[in-house]
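Remarks on the structure that follows.
What follows draws every value from the coordinates through simple rules; no lab data is involved. Predicted, not measured: the structure shown is a model, and the values here were computed from it. So basically every Cβ, Gly included, is an ideal-geometry build from the backbone, and we count neighbours across all protein chains shown.
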């Protein structure tokens, strides 16, 4: 019996860790190398500044936080935000072991008096639980952490397609009095999709003040899979700056669900000019289109960026709505190395998302 109980305790410990691992993040069945951009609601535990929120979540550039919350681009980082306000936090997502969690970001540095539960509940407003922090950081004893120890905070996310189409997964904070039907209607999805994504058997399981995986329907472009911002997912009514701030892309359902990208006109912080955004062999600049000819036109479309090069491709697109109003637009790129146009859902919500890559 002396050998039995230690073995049993060890087995229970292993089983407990496995359960914790299963409870990490949102479901993400994509390969473990899959990364994407994501978004989550954060209720401020106290009055603070945008700069403090930016630092807490390791957001590389203030612009991403401003755009995610539709703040004017010249809003100073010293701007005060009040306790209990909700900010949308953009962050990079990584698929891992069947779930999606933030891609090695943010990291939190332990200060005197901290405990894992305090960090989870009071600092990060229950976006994670203390066993989740314990699990991803390999901490044997949750009551034994050190001042200045850096802890990875595994925010929940996903990179999965939804119903066969690309989506940006949004960690939506459920307000008191919300219903699954109401949330589905607000974000242009279905009750069954929300229930299935969140592992709920019925709508009565929805709980206030929890984070719900809500798929935001997006339009995409011909971004190459070698691009630093692949996949570029932009929900309807939103815009994103990418390619080190040199390109601005906007998704507009009124534009036949076509993602329109153009030069941003921004001068980079180091004073350098942006790379050329002209389509090869043409006089077209990024975003330029030909005059309509029937239902077809050509566009100088954004194909991604890498090594200080912005890829552009001349594509063909349809300007006519397909029968029944469904989104079947396709593009045929004439440039080399592009993946073709894939038009996805559109979300009718004014939500601004900046891609997590720095510029």
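Numbers below:
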item	result
Distance histogram for segment 218-325 (every C-alpha pair counted, 10 angstrom bins, percent rounded to whole numbers)	15, 46, 31, 7, 1
Length added when fully stretched, residue 141-residue 266, from 0.36 nm per residue minus Cα-Cα	40.1 nm
Convex hull volume per residue in cubic angstrom - Cα atoms of segment 33-174	123
Spacing of the two label points (7 Å from each Cα toward its C-beta) at residue 205 and residue 47, in nm	4.1
Chain lengthening between residue 118 and residue 104 when straightened (0.36 nm per residue, less Cα-Cα)	3.0 nm
Inter-label distance, nm, simple model (7 Å from Cα along the C-beta direction), residue 23/residue 130	1.2
